[in-house]
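Report on the structure given below.
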Amino acid sequence: MSVSDEFTSRYVIAPDPARAGLTRTVAGYDENGDAIETSVVEERPLTIYLNRREIVTAMTIGDYPEYLALGFLRNQGMLADSDVVTGVDYDEELGVVVVRTEVETDHEVKLARKTRTSGCAVGTVFGDMMEGLEGLNLPAAKLRTSWLYSLSHQINRTPSLYLEAGAIHGTVLCRHDRPLVYMEDVGRHNAVDKVAGWMFQTGESAGDKILYTTGRLTSEMVIKTALMGIPVLASRSGFTAWGVEIAQEIGLTLIGRLKGKRFICLAGEERLIRDADLANVPDEAKRSRRKGAGE
């Protein structure tokens, strides 16, 4: 078994950087004026309908459109756990996903209240998402630091579209020290929506999960993680002040700057069990994407 297979074999869904249509090769020149060829990520519009109503058009890399549509609607409060989904139809030629439910609902008020966030790509969040946090009680699950270090080691060595071409964000659903579902997209919110869609369709529980993201720990990421019922959000990247404030208010454990032996916890520290022997945790070796890959 190769090193790549060793890491990807543990996933339910792993990245597939060789999948057709996710990247294209383009010609250019480097800093020395030498001709090069490099892979760049494709992005294309995907329009999401809920029954007969057009909801949003997102820019996405195009994989797992059904999960993206379900997760987006779930995280925006347009699909509840009690809603019965009767069909999810994707038309690749038109770039459209239609999610059909047993009972149609009117979302004109929500659509009028949508606001633009600082996230990349669509980054759309509806005004009443914050209302969904009222009275929310996240599970009091424990988090072993040995799990964090193991997850970081596995995820950072998993072959991915980021390592192939860059310009991409990843979100990984994990249970204890095992990464389960690894989704990538041009926007970190798209990647987490794909995870949410998979959880919604499969009925996967949330209380024993950790959500790992390669992107910033923003208010939007904190809110979406909490609305999914996941008690822990971790990242290699840093924090925004509002993201930290919301995490502290709702009791979500927020771990950032997770690299090598280091991490910072700015909310929910009471869940941590510091069981890792740092002497046995390797420092993170610098890994670079292949030459010519874009940022």
Next item on the list: Kindly list, by first and then second residue, each pair from a residue in segment 44-60 that is at positive phi to a residue that is open to solvent by 70 Å² or more (accessible area, probe 1.4 Å) and assigned to a strand (DSSP E or B), limited to pairs with Cβ atoms under 7 Å and residues at least 6 apart or on different chains.
Entry: Asn51/Arg100
Notebook entry, point to check: Looking only at segment 192-248, which residues are in a loop (DSSP other than H, G, I, E, B) and open to solvent by less than 40 Å² (accessible area, probe 1.4 Å)?
Noted result: Ala206, Gly207, Gly215, Thr218, Met228, Gly229, Ile230, Pro231, Ser237, Gly238
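Is segment 79-87 home to any residue that is under 30 Å from Leu163 (Cβ atoms) and either at pLDDT 95 or above or aliphatic (A, V, I, L, M) (or both)?
No, every residue in segment 79-87 fails to be under 30 Å from Leu163 (Cβ atoms) and either at pLDDT 95 or above or aliphatic (A, V, I, L, M) (or both).
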Next item on the list: Go through segment 23-54 and give me each residue that's of a type in the set (A, V, I, L, M, F, W, C), closer than 23 Å to His169 by Cα and surrounded by 14 or more Cβ atoms within 10 Å (Cβ to Cβ).
Entry: Val40, Val41, Leu46, Ile48
Check: Conditions: (1) in contact with a Leu (Cβ under 7 Å, 6 or more places away or on another chain); (2) part of a loop (DSSP other than H, G, I, E, B); (3) over 25 Å from Ala14 (Cβ atoms); (4) not hydroxyl-bearing (Ser, Thr, Tyr). Asp275 meets all but one. Number of the miss?
Finding: (1)
Next item on the list: Could you check how many residues of segment 128-155 are modelled with pLDDT under 90 and surrounded by 17 or more Cβ atoms within 10 Å (Cβ to Cβ)?
Entry: 1
Next item on the list: Identify the residue in segment 73-96 that is touching a Lys or Arg at 6+ places or on another chain (Cβ under 9 Å) and buried (at least 18 other Cβ atoms within 10 Å of the Cβ) and, among all such residues, is farthest from Thr225 (Cα to Cα).
Entry: Met78
Item checked: Of all residues making up segment 237-266, the number that are small (Gly, Ala, Ser), over 13 Å from Ile223 (Cβ atoms) and touching a strand residue (DSSP E or B) at 6+ places or on another chain (Cβ under 6 Å) -> 2
Next item on the list: Please report, ordered by residue number, the strands (runs of 3 or more DSSP E) entirely within segment 1-94 with at least 2 residues that are closer than 28 Å to Leu151 by Cα and touching a strand residue (DSSP E or B) at 6+ places or on another chain (Cβ under 9 Å).
Entry: 35-41
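The values are calculated or read from the model by the stated rules, or taken from the named source; none is laboratory data. Since we're looking at a predicted model, the values are computed, not measured. So basically every Cβ, Gly included, is an ideal-geometry build from the backbone, and we count neighbours across all protein chains shown. Surface accessibility is based on the protein's heavy atoms, side chains included, excluding ligands, DNA and RNA. Shrake-Rupley method; radii C 1.70, N 1.55, O 1.52, S 1.80 Å.
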